[in-house]
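The values are calculated or read from the model by the stated rules, or taken from the named source; none is laboratory data. Bear in mind the structure is a predicted one, so any value in this text is a computation, not a measurement. Every residue, glycine as well, gets a Cβ built from its backbone with ideal geometry; the counts of neighbours run over all protein chains shown. Only protein heavy atoms, including side chains, enter the accessible area calculation; ligands, DNA and RNA are left aside. Shrake-Rupley method; radii C 1.70, N 1.55, O 1.52, S 1.80 Å.
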Amino acid sequence: MEAAAIYHRPDSEFAYLYQPGDFRVRLRTKRDDVKEVLCFYMDPYDAADSYQTISLTKIASTETFDYWEASLDVAHKRVQYDFKVVGNDGQEVLYGDRGFFPFDRDLIGTAGNPFRQPYFHEIDRFKEPDWVRHTVWYQIFPERFANGDVSNDPEGIKPWNSELTPGRTDYYGGDLQGIIDHLDYLQELGINGLYLCPIFKAYSNHKYDTIDYLEVDPDFGDKEVFQKLVVEAHRRGMKVMLDAVFNHMGDRSVQWQDVVINEKKSKFADWFHINKFPVAFKETDDFEKANELTYDTFAYTPHMPKLNTANPEVRDYLVSVATYWINEFDIDAWRLDVANEVDHRFWRHFADACHAAKKDFYILGEVWHSSQPWLMGDQFSAVMNYAFTETVVNGFVKKTLTPQRMVDGLNYQRMLYQRQVNEVMLNTLDSHDTARLLTVCDDNKDLLRQTVAFTFLQEGEPCIYYGSEVGMDGGNDPDCRKPMNWNEATQDHDLFAFYQSLIKLRLGNADLLTQGDLEWTIVDDQRGLVQVTRTGEEQQIIGTFNLGQENLDVAALKLTGQMVLSQSYQDQKLGQHGFVINVKNIGA
C-alpha cells in the first residue's frame, strides 16, 4: 500500500459540514490501492472506548487517486476521528493527526492521534443559496440581445444582422428594453435566471471599462427601465445577476482622469497601482494592448487601469456600489469579472456586505482555474466552472481526452470542493469570452445536443449563452458577440424545442440533479461509451452517451425506466453522437 498517497486535511474539502449535524469526511488514496477505509469517531470529551465506526464509500477516482467519503452524525457540534486504511496487499494502518501507525485497536482515539474538529460554528459553514439549485441561467450580452428603444441608440449603429461578424467597436443598439420585450420568450424557453454582462456607464460596447458604477449606461436606458426589468423578471420567477467589474476601472472615469491631470497630487492617486508618474503608455496597432505602461492594468489594456482594492477608500466605495444595487433594485446575484486578480481580504468584506443586504445572495466569481481559496464560505458562492467546460469540450467535441481521462478530469474538479459548492457551480459551454459551442462543434448540431445533454445531468447549474437555443454560431471574441437572431425564418426551432425539453427535465428534477449521488456506471474507452447515474431518494436519472465513431449495441445494458430524451437511439442501438436519458424509480 502506498502510504504517501493517503491524504486528509481537517477544515477543508476533506472535512466539512454539509448540513447542520451532517459532517462529511473524505480520504484520498492511490488509485486501486486500497480495498477498505473505516472511520472511528467520537466526542473528544467522551471515554476513549466510546467511538463509533463507519465505512467510507469510494465516491470518485482520478488518473492517480481514489476518493472516499462518509457522513458522520455528530450530536454535539464537535468530533475527533481517525481512519483505518486496508490495502489490497493486506497492510493495515491507522491514520490520524500525527501520521501513520501500524493498526492497533488500542490506539484508536488515543495518544493525541485523532484529527479534530473542535467546534462546528454555523457561521463558518459554507451556505449556498438553495434557489440556485433550481435555476437554469441565460447569459445576455446587452448590446447584442435586442433593440427595444431606438431613442437611446448610439450614433452610427449597424443594421441588426446575426450573420455578420461584428467589429470590436461596432454598435447595434441592444438595450434593457429589448430584454424586457423578450422576457416572455425566455419564459417560454424555461429560463429562470438572467445573467447580464455589464450595464453600467462605460465607454466601450462591452462595458467592461466602467466610467460610473452607479449609473446605467445611456445606450441601455436608465435606472427606471432597469427597475422595470427586475420587477418583470421577478414576476416571472426569474432571478437577476449583474456583472461587476471591480478589478479595474475605465480610463474615462472621473477618478482616473483626476490622476492623469493631477498626478501624485490627485486624491485618487492611491486608488490604482501606479508605478511611475506621469501615467503613460506606448500605443500599439491593437487598441486593447499597450507597451511601456507605467501603471498596472487588466492584461495590457491601457484603458482599464487596475484598482487598488487594498485601499480602504476603494474598498468602501466598491462595497457601497455592490449593496446599492441590491438594496435599491433587489438584484439577486453578482458575477465578478477577473475575480482571481483581486485580493481575498476585499472579497471577504464584499461577501459580508452582500449577505447582510440579502441573506440568500449568490456571488459568482470569474476564475478559470482551480478555485479553493475563494470557495471556503467566506468569499464566493461559486465560480464560472471553466475547468469543467474545457474538460467536457475536450472529451465530447475535440476528442483530445479519452472518456476515462475526461471522467478522471471531472472527478478531479469535483473533489477540489465541498459538496454544496459543486451543487451551485455555474456550468457554461460557451460565453462572451469563448467561441460558441456550435462553431467548436464544426456546426454539428447532433454533437452539440449530445454535449449539452451531458452537461444538464451534472452537478452545478447550466448556463445558456444567448442564441445558442436557436442555432447561433461564432468564433472567438468578437465573433461570439453577434446580434441575437430574431428572424423566425432562420431560427432552428427544433433546437429550441430540444433546449426546452432539457430545461424542463433539469428543473423538474433539480434536487436530484444537484444533490443526488453521482456515479460513473460505465466508462469504456474501447467503445467510447459513458454512462452517468444520478441517484436521489426515490428516483434515478441515467444518461448513456456514445462518444465513439461506431454504432453501439446497448441491449446488454438493459436500460429500463421511462426514456425522457434521446438522440440516434433505436432498437437498442446507440449511434454516433447518440444518447439516451432514462428516469427510473428506485427498486423498479
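What the table shows:
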{"item": "Residue list for the stretch 243-259, restricted to those being in a helix (DSSP H, G or I) and either touching a residue at least 60 places away in the same chain (Cβ under 8 Å) or in contact with a Gly (Cβ under 8 Å, 6 or more places away or on another chain) (or both)", "result": "TRP256"}
{"item": "Filter result for ILE157 (at pLDDT 95 or above, among the hydrophobic types (A, V, I, L, M, F, W, C) and surrounded by fewer than 24 Cβ atoms within 10 Å (Cβ to Cβ))", "result": "yes"}
{"item": "Single residue of VAL338, VAL392 found to be buried (at least 16 other Cβ atoms within 10 Å of the Cβ) and within 18 Å of LEU242 (Cβ to Cβ)", "result": "VAL338"}
{"item": "Per-region count, the stretch 288-305, residues open to solvent by 40 Å² or more (accessible area, probe 1.4 Å) and either among the small types (Gly, Ala, Ser) or on the phi < 0 side of the Ramachandran plot (or both)", "result": "8"}
{"item": "Failed item, numbered, when ARG436 is tested on (1) out of contact with any Asp or Glu (no Cβ under 6 Å at 6 or more places or on another chain); (2) farther than 21 Å from ASN546 by Cα", "result": "(1)"}
{"item": "Exclusive hit being within 18 Å of ASN394 (Cα to Cα) and either open to solvent by 20 Å² or more (accessible area, probe 1.4 Å) or assigned to a strand (DSSP E or B) (or both), set ARG534, ARG527", "result": "ARG527"}
{"item": "Leading residue by the ranking (farthest from VAL136 (Cα to Cα)) among those in the stretch 224-242 that are assigned to a helix (DSSP H, G or I) and open to solvent by 10 Å² or more (accessible area, probe 1.4 Å)", "result": "GLU224"}
{"item": "Residue check, ASN262 without any contact (Cβ under 8 Å) to a residue 60 or more places away in the chain and over 30 Å from GLU188 (Cβ atoms)", "result": "yes"}
{"item": "Qualifying residue in the stretch 541-562 (condition: within 29 Å of the chain's Cα centre (by Cα), open to solvent by 40 Å² or more (accessible area, probe 1.4 Å) and among the aliphatic types (A, V, I, L, M))", "result": "no"}
{"item": "Qualifying residue in the stretch 328-349 (condition: in contact with a Pro (Cβ under 8 Å, 6 or more places away or on another chain), part of a helix (DSSP H, G or I) and in contact (Cβ under 8 Å) with a residue 12 or more places away in the chain)", "result": "yes"}
{"item": "Hits in the stretch 574-588 - residues which are of a type outside the set (Phe, Trp, Tyr) and either assigned to a strand (DSSP E or B) or surrounded by 15 or more Cβ atoms within 10 Å (Cβ to Cβ) (or both)", "result": "LEU574, GLY575, GLN576, HIS577, GLY578, VAL580, ILE581, ASN582, VAL583, LYS584, ASN585"}
{"item": "Residues (open to solvent by less than 10 Å² (accessible area, probe 1.4 Å) and among the acidic types (Asp, Glu)) located in the stretch 137-151", "result": "GLU143"}
{"item": "Residue that is β-branched (Val, Ile, Thr), at pLDDT below 95 and within 26 Å of LYS127 (Cβ to Cβ), where the choices are VAL25, VAL74", "result": "VAL74"}
{"item": "From the options GLY173, GLY178, GLY193, residue that is buried (at least 18 other Cβ atoms within 10 Å of the Cβ), touching a Ser or Thr at 6+ places or on another chain (Cβ under 6 Å) and modelled with pLDDT of 95 or more", "result": "GLY193"}
{"item": "Any hit, the stretch 44-58, residues being open to solvent by 50 Å² or more (accessible area, probe 1.4 Å) and within 29 Å of the chain's Cα centre (by Cα)", "result": "yes"}
{"item": "Test: residue in the stretch 35-54 that is within 26 Å of VAL421 (Cβ to Cβ) and without any contact (Cβ under 8 Å) to a residue 24 or more places away in the chain", "result": "yes"}
{"item": "Among (1) in contact with a Pro (Cβ under 8 Å, 6 or more places away or on another chain); (2) within 30 Å of ASP378 (Cα to Cα) - the single one ARG144 does not satisfy", "result": "(2)"}
{"item": "Residue pairs meeting the criteria (Cβ under 7 Å; at least 6 apart or on separate chains; first in a loop (DSSP other than H, G, I, E, B), in the stretch 209-223; second among the aliphatic types (A, V, I, L, M) and buried (at least 19 other Cβ atoms within 10 Å of the Cβ))", "result": "ASP209/ALA202; ASP209/MET304; ASP217/ILE199; ASP217/ALA202; PHE220/LEU176; PHE220/ILE199; GLY221/LEU176; ASP222/VAL216"}
{"item": "Strands (runs of 3 or more DSSP E) completely within the stretch 63-154 that count 3 or more residues being without any contact (Cβ under 8 Å) to a residue 60 or more places away in the chain, closer than 16 Å to ILE6 by Cα and out of contact with any helix residue (DSSP H, G or I) (no Cβ under 7 Å at 6 or more places or on another chain)", "result": "65-73, 79-87"}
{"item": "One residue from ASP343, ASP352, ASP408, ASP378 being within 30 Å of VAL231 (Cβ to Cβ) and charged (D, E, K, R)", "result": "ASP352"}
{"item": "Qualifying residues in the stretch 472-509 (those that are of a type in the set (Gly, Ala, Ser) and either surrounded by fewer than 20 Cβ atoms within 10 Å (Cβ to Cβ) or at pLDDT below 95 (or both)) - the one farthest from LEU164 (Cα to Cα)", "result": "GLY508"}
{"item": "Inter-residue pairs, beta-carbon under 9 Å, first under 14 Å from PRO142 (Cα atoms) and in the stretch 478-496, second open to solvent by 30 Å² or more (accessible area, probe 1.4 Å) and aliphatic (A, V, I, L, M), 6+ apart", "result": "LYS482/LEU164; PRO483/LEU164"}
{"item": "Checklist (1) touching a Ser or Thr at 6+ places or on another chain (Cβ under 8 Å); (2) exposed (fewer than 15 other Cβ atoms within 10 Å of the Cβ); (3) not charged (D, E, K, R) applied to VAL383, failing item", "result": "(2)"}
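Residues checked against (1) charged (D, E, K, R); (2) open to solvent by less than 60 Å² (accessible area, probe 1.4 Å):
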| site | (1), (2) |
| --- | --- |
| TYR67 | no, yes |
| HIS76 | no, no |
| GLY87 | no, yes |
| ASP97 | yes, no |
| ASP106 | yes, no |
| ASN113 | no, yes |
| ARG125 | yes, yes |
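Results for (1) farther than 29 Å from HIS349 by Cα; (2) open to solvent by less than 20 Å² (accessible area, probe 1.4 Å); (3) modelled with pLDDT of 95 or more; (4) in contact with a Lys or Arg (Cβ under 8 Å, 6 or more places away or on another chain), shown as yes or no for each residue.
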residue: PHE246; (1), (2), (3), (4): no, yes, yes, no
residue: MET249; (1), (2), (3), (4): no, yes, yes, no
residue: VAL254; (1), (2), (3), (4): no, no, yes, no
residue: ILE261; (1), (2), (3), (4): yes, no, yes, no
residue: LYS267; (1), (2), (3), (4): no, no, yes, no
residue: PHE272; (1), (2), (3), (4): no, yes, yes, yes
residue: ASP286; (1), (2), (3), (4): yes, no, no, no
residue: LEU307; (1), (2), (3), (4): no, yes, yes, no
residue: PRO312; (1), (2), (3), (4): no, no, yes, no
